[in-house]
Each structure stands twice: as C-alpha cells, then as structure tokens.
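Read the structure below first, then the notes.
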Amino acid sequence: MTEVHVYESVLACWQDCRMCGLEVDHVSHIWKDNEKVKPMQTSKQLPVIQPGATPVTMLNAPASWPQNAPSSFHMLSKPSGATCNLDCTYCFFLSKEKLYPNSRFRMSDDLLETYIRQLIESQRTPEVTIAWQGGEPTLMGLDFFKRSIDYVNHYARPGTTIQHTMQTNGILLNDEWCAFFREHQFLIGLSMDGPPAMHDTYRVDKGGAPTFHKVLRAARLLQQHQVEFNILTTVNAANADHPLEVYRFLRDEIGTHFMQFIPIVERINERGAIGFQEGNIVSERSVKPEQWGNFLIAIFDEWVRHDVGTVFVQMFDAALASWAGAPPALCIFSETCGNALALEHNGDVYSCDHFVEPKYLLGNIQQRHMIELVASDQQRQFGLHKRDSLPRYCRECEVRFACHGECPKNRFLETPDGEQGLNYLCAGYKAFFTHIDRPMRIMAELLRRDRAPAEVMLILAAEEAQLQKAFAKAGRNDSCPCRSGRKFKQCHGR
Ligand code: SF4
Ligand code: SF4
C-alpha cells in the first residue's frame, strides 16, 4: 500500500536556529499518515491574556498591556552570551564577545527566573517556546537548565504548553544531557555542515582540530535517547558545490529527517572586522548567490521526487506555505518582521539575533518588562523597515510573494537601476523560487483539495515517464517534447 503523508500545518517550523532567527507561530512539525488534512490553525487564534489586562504576577509590569504588543513572539536566549567551546571560522557570534568586555558571560539565577517569568507572562498564546542558543548554551551546565524547568513549572499558566528548544554544537552532550532532553521533550538543533571533510573545513575547536566525529557522536546519542533533533547545516564555500552529497549524507548516513540549510554571508566591515551588519564585501567563506540557488535547486529536485513527506527541509516547507497562501513560516520570507528577538546573558534585549549591535539594543528586562521592549516603537519600526525599505526591483519581482527581499541583514547590493538595498542572495533566490514554481503549485493544489502533498511525487514520476516516451519518438528536427521551444536536436536530443 502506498504510504500517504499529509500536512497538518504548513505554518510549522521546528527549531529556532541561531542563524536564521525564526518567527513562527507554532513549533512542532506534524505530518501524519493516512489522515485528513486538518484546518490550519495559528496560535494567534487562541488568546489567553486579553489586551489591557496585566497579570497580577507581573513585576516591572507595564501600567497597561502595550497597544502594539504582538500576541506571540520568539526570544532567542543566549545564557552564555557569544562564548563557545568551538572556534568555527565563519561564526559571527564570537566577535560579539567584544560588546561585553570583562563579562563572565553567565546568566545569573535571578535573571533566569525573571526571563522565564516574563517570557511566559508576555505570550497571549497557549504555547510558549523557550529557546536556548549561543554561543554554546550547554556551557552553562545541565543544572542551569534543570533550574529553568523548575521556573517553568512555577510560572506556567494552567493549560499552557511549553516547548523547549536548544541549538547546540553537540560537543558536550552525554547520556545525562540526552536523558534530560528526552524527559522534557526538548527539540534539539544540531550543527553539522555535511560529511567530515566539508564539516571540518570551518567547524574546528579552539586548537583548530576537526570536530566532526564529536558531532556524529552527539547525533547517535540523541538517536539512542530518542530525542527529537534536526540538523542545521550552514552553506558555505566548502560545501556549496556539493548539495546532493550533503543532502544524501544527512539523510542516509546520519538518518535525520529534519534539515535546515542556512547560507553563510559574512560581511567584512570597513575596519576589516566581521560580525556587524555593515559593508558590502563578503568573506571568501561566504556562499555565492548563484551557488546558493543551485544548492537549493539540486536538493529540491531530489526531495520532490523521492522524499516529500519523509524528509522535511525547512526552506521547502516555508516555500510551500507561501504557495499555499498561508502566512510565511520564516521571518526572512515575511513582508515585515520584528517578532524574533534576542536576549543576552545579562538581560539585554536586541531587535534580532542578527542585529546584536548597540544600535539595536532595546533595553534590559531587569529594568523594563520584556513585553514593553517587544512592543516598543523602536522594535515595531525595525519590523516595518523590512517592508518599507524594499527596493522597487523587489516590489516588482514575480517571486516577491515567497521572498520579500529575504532578511535585511543581507540587503547590501544595488539593484540594476542603482537603488540600494538589494539582497546579496537575490540571484540565488530568484532562480530557486522560479524553478520550484510548478511542483509547488501542484502541492498547494493538493493541499487545497485535502490531499497529501506527497502525491506530487507520483504526478512528477508519471509526467517524466511520458516525457521519456516522447523523447524516444521525437525526430531530430521536431520541436522538443519538453516544450522549451527549441528543436529536439538542440535540446534533449543532443
Ligand atoms: S532581521 Fe528580521 S528577517 Fe532577518 S532574521 Fe531578524 S527578524 Fe528575521
Ligand atoms: S528574488 Fe530578488 S528581486 Fe525578487 S524579492 Fe527576492 S531579493 Fe527581491
């Protein structure tokens, strides 16, 4: 019997990765076998605290609920700041240590409690995500996270579901960590850049030694303990030309069903430093725009023929949401942003994890309640700027509905007509979104008809079989059956 998979929610995403800064309504990614598609439901439809109400437990509480407060938002918490036990050469977080000279980079217990309490108080949804990342969050030690669970148990409102997530390099994971993750149903993001040679090009330890074998060990431990995890792969100069090798390795050797691919775009500032969103030159480690497009296209072509419904690639899910007319599941592809913020080890809140820079500091949760910072004019403007700064070239683009100019951090090129603000990765995105249009339309239509998007594989296979038959019959001077408009001898008959 053919196994059929269907989406329960195309809004879903699984992990707050440290590179992309997700802005999602819902965390778990659920496909079910042989079930009807359920209506899409966002957490925004399920208010818990009404506007104007201030929960009695709130300390530093605003006098009334801020008008512009979103019903939910994501806060990526960095309890150990930017500190890490690795020295990945492309990591822009490491340079952020300079923002806090002489700091020990450890979130205090008082602040941990304040953070958990304010985060839960600030969400008007029945599901709250507590997202840990770094630097490397496991440097805080397991007891820190055990205490976080105690605070969650103390402050969670009845009926609230708490989702714990952590992005880690896996180096410190052991049985104890994994048992803890399993017990509290953590969703883990594990960083791995592909097979050993590609991974070890940039992901090295403080002594410059390779780390692949340690990350593999972490993946196996997570699997043994049945901890849900996805692999986060950065796409960089070392692996960008090997998309299928990377994809098949993660799928077949690592055995993961959840993947995220994040382009490395390292801007070099005028002072030669890396880490702030300035300058229009990128490092040699960065992926090139066309490489990025080709990377996504190659993996998509494999996925859409073999793996729909069994392997989940975050970028493809986000694209399907756009084609299905649902709100974008990733902030980078939404018209506006501003609901994915970052919390530093000392309580400072920044507009986004990609903008941990003095200019984007909103305040400190020990002085002002988190919801006030999230709802502040500064933060709302930050989010609107994504839309308002979009150049005309993007506004007139055919795939704008899926791209929206991607993340402002990458918008540092000029458009062909000389306007500032074109995304460095534009050529790649344009190629990718154009390439996937037809299969995405098919999957979106299947969803609309309450059918499984995975059926696209059967449809494409049947089409390709027909095409092969037509090729076999075509004469050299006939027009090519692929409808390119060229003669067969100049196209597939070459
Ligand atoms: S700047 Fe906006 S689009 Fe980019 S990662 Fe941050 S929240 Fe998302
Ligand atoms: S593909 Fe390029 S032109 Fe189109 S919206 Fe994206 S960045 Fe703008």
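A short reminder: the numbers here are calculations on the coordinates, not readings from a lab. As the structure is a computational prediction, the values presented were derived from the model and not from experiment. Here the Cβ positions follow ideal geometry from the backbone for every residue, glycine too, while neighbour counts run over all protein chains shown.
When you scan segment 90-198 for strands (runs of 3 or more DSSP E) that lie fully inside it, which ones turn up with 2 or more residues that are farther than 30 Å from residue 367 by Cβ, in contact with a helix residue (DSSP H, G or I) (Cβ under 9 Å, 6 or more places away or on another chain) and not polar (S, T, N, Q)?
Ranges flagged: 187-191.
I'm trying to understand the selection: among the residues of segment 305-319, which are more than 17 Å from the chain's Cα centre (by Cα) and crowded, with 22+ Cβ neighbours inside 10 Å?
So the first thing to find is which residues in segment 305-319 are more than 17 Å from the chain's Cα centre (by Cα), and the list is 305-310.
Once the filter is applied, which keeps residues that are more than 17 Å from the chain's Cα centre (by Cα) and crowded, with 22+ Cβ neighbours inside 10 Å, segment 305-319 yields only 308.
Looking only at segment 422-456, count every residue that is within 9 Å of ligand 2 (Cβ to nearest atom) and farther than 18 Å from residue 296 by Cα and tell me the total.
1
Can you go through 322, 351, 334, 389 and tell me which one is within 16 Å of ligand 1 (Cβ to nearest atom), in contact (Cβ under 8 Å) with a residue 24 or more places away in the chain and over 17 Å from the mean Cα position of the chain (by Cα)? Please lay out each step first, then the result.
Working: 322 fails: over 17 Å from the mean Cα position of the chain (by Cα); 351 fails: over 17 Å from the mean Cα position of the chain (by Cα); 334 fails: over 17 Å from the mean Cα position of the chain (by Cα).
The match here is 389.
Of the numbered conditions (1) in contact (Cβ under 8 Å) with a residue 40 or more places away in the chain; (2) over 20 Å from the mean Cα position of the chain (by Cα), residue 213 satisfies every one except a single condition; which is it?
For residue 213, the exception is condition (1).
Would it be correct to say that residue 229 is over 30 Å from residue 413 (Cβ atoms) and assigned to a strand (DSSP E or B)? I'd like the intermediate steps shown before the answer.
Working: over 30 Å from residue 413 (Cβ atoms): yes; assigned to a strand (DSSP E or B): yes.
Yes.
Can you confirm whether residue 408 is crowded, with 18+ Cβ neighbours inside 10 Å, over 20 Å from residue 355 (Cβ atoms) and more than 10 Å from ligand 2 (Cβ to nearest atom)? Before the answer, list the steps.
Working: crowded, with 18+ Cβ neighbours inside 10 Å: yes; over 20 Å from residue 355 (Cβ atoms): no; more than 10 Å from ligand 2 (Cβ to nearest atom): yes.
No.
Keeping to segment 299-339, report how many residues are within 16 Å of ligand 2 (Cβ to nearest atom), touching a Leu at 6+ places or on another chain (Cβ under 7 Å) and among the β-branched types (Val, Ile, Thr).
1
Being more than 27 Å from residue 165 (Cα to Cα) and either without any contact (Cβ under 8 Å) to a residue 40 or more places away in the chain or over 21 Å from the mean Cα position of the chain (by Cα) (or both) narrows it down to one of 252, 241, so name that one.
On the way: 252 fails: more than 27 Å from residue 165 (Cα to Cα).
It is 241.
How about segment 392-407: which of its residues are in a loop (DSSP other than H, G, I, E, B) and either among the polar types (S, T, N, Q) or within 16 Å of ligand 1 (Cβ to nearest atom) (or both)? Step through it out loud before you land on a result.
Filtering segment 392-407 for residues in a loop (DSSP other than H, G, I, E, B) gives 396-399, 404-407.
Selection gives 404, 405, 406, 407.
Pick from 238, 219: which is assigned to a helix (DSSP H, G or I) and either in contact with a Pro (Cβ under 7 Å, 6 or more places away or on another chain) or surrounded by fewer than 24 Cβ atoms within 10 Å (Cβ to Cβ) (or both)?
Details: 238 fails: assigned to a helix (DSSP H, G or I).
It is 219.
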